[in-house]
Amino acid sequence: MTEAQAGRIGIMGGTFDPIHYGHLVVAEAAREAFSLEKIIFVPAGIPPHKAKEEVTPARHRYLMTLLAIMSNPYFEISRVDLDRGGVTYTVDTLADLKSQLPPAVQMYFITGADAILEILSWKSPDQVLSMAEFIAVTRPGYGLDQLSQAIGPLYAEFRDRIHILEVPPVGLSSTGLRRRLVEGRSIRYLVPETVVAYINNEGLYGTSPER
Ligand code: ATP
Ligand code: MG
């Protein structure tokens, strides 16, 4: 394994509703492949494409994320998007994190294939791409072959800052997990046990609270 390089930090943004092994596998794979010092998980406030009511309250998503990452000494969590409140735009996430990190730090923003393919619809995509290097990871069901075509001129300008990383495929999504829970099905072994317990204790996603 390569040594961590001082000043390289991975940023893993997401709604984490709930966090699952796909997120964790991706973050660990990126840390190793890019010799990142650590990965900061950043639970989003309200994602731009979702209404507030559709998203589980921030305190639950924050705590589930914290429970999921706790056992990995290289994983951290940040509240920047929750403390800013409202709709989360990555350009603000990166600006806030940058102001908290030492000036020489190079941020690596990690996204799944589905997310990066939509970067043109983000707020200020060119600013986002100039603030951080991007690690675009493979995700089952989404192809990265179309990336250069999908993001056109941005790709031409920023291609040196967009790194494609193949990661062990994990065919999980939070949407799929929420659906399973609503149907009363098991999510054991799909998310960390601590997260399963939290969901059951709090009665999230239509589960009945345990007493
Ligand atoms: P939802 O179904 O609610 O959108 P999700 O599983 O896509 O949930 P997000 O919180 O939206 O999870 O994702 C955060 C980041 O993790 C995004 O960049 C997304 O592309 C990436 N990601 C999520 N699941 C996977 C996976 N199984 N493999 C690779 N990347 C993933
Ligand atoms: Mg998603």
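Results, tabulated for the structure shown:
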{"read-out": "Local net charge near Ser174, Cβ-Cβ under 10 Å (Lys/Arg +1, Asp/Glu -1)", "value": "+2"}
{"read-out": "Proximal charge balance of Ala33 [Cβ under 14 Å; K/R count +1, D/E count -1]", "value": "-4"}
{"read-out": "Within the chain, longest stretch free of exposed GluC sites (Glu not before Pro) [DSSP loop, at most 11 other beta carbons within 10 Å]", "value": "4-165"}
{"read-out": "Proxy reagent accessibility, fewest Cβ within 10 Å first, across Met107, Met12", "value": "Met107, Met12"}
{"read-out": "Ranking of Ile46, Ile164, Ile110 by count of other Cβ atoms within 10 Å, fewest first", "value": "Ile164, Ile46, Ile110"}
{"read-out": "J(HN,Hα) series, segment 90-102, from Karplus relation 6.51 cos²θ - 1.76 cosθ + 1.60, nearest Hz, glycine and proline x", "value": "4, 4, 6, 4, 5, 5, 5, 5, 4, 5, 9, 9, x"}
{"read-out": "Alpha-carbon centroids, segment 62-108 and segment 26-42: separation in whole Å", "value": "13 Å"}
{"read-out": "Unit charges on C-beta of K, R, D, E only; dipole of segment 5-171, Debye", "value": "300 debye"}
{"read-out": "Cα gyration tensor shape of segment 5-171, rounded if a/c is under 1.5, else prolate or oblate by comparing a/b with b/c", "value": "rounded"}
{"read-out": "Arg180, Arg139 arranged by Cβ crowding within 10 Å, fewest neighbours leading", "value": "Arg180, Arg139"}
{"read-out": "21 Å Cα cut-off, lysine pairs counted over the chain (separation 8 or more, or different chains)", "value": "4"}
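Read the figures in this text as sums done on the coordinates, not as results from a lab. Predicted model only: the values in this text are computed from it and were never measured. Backbone-built Cβ (ideal geometry, glycine too); neighbour counts: all protein chains shown.
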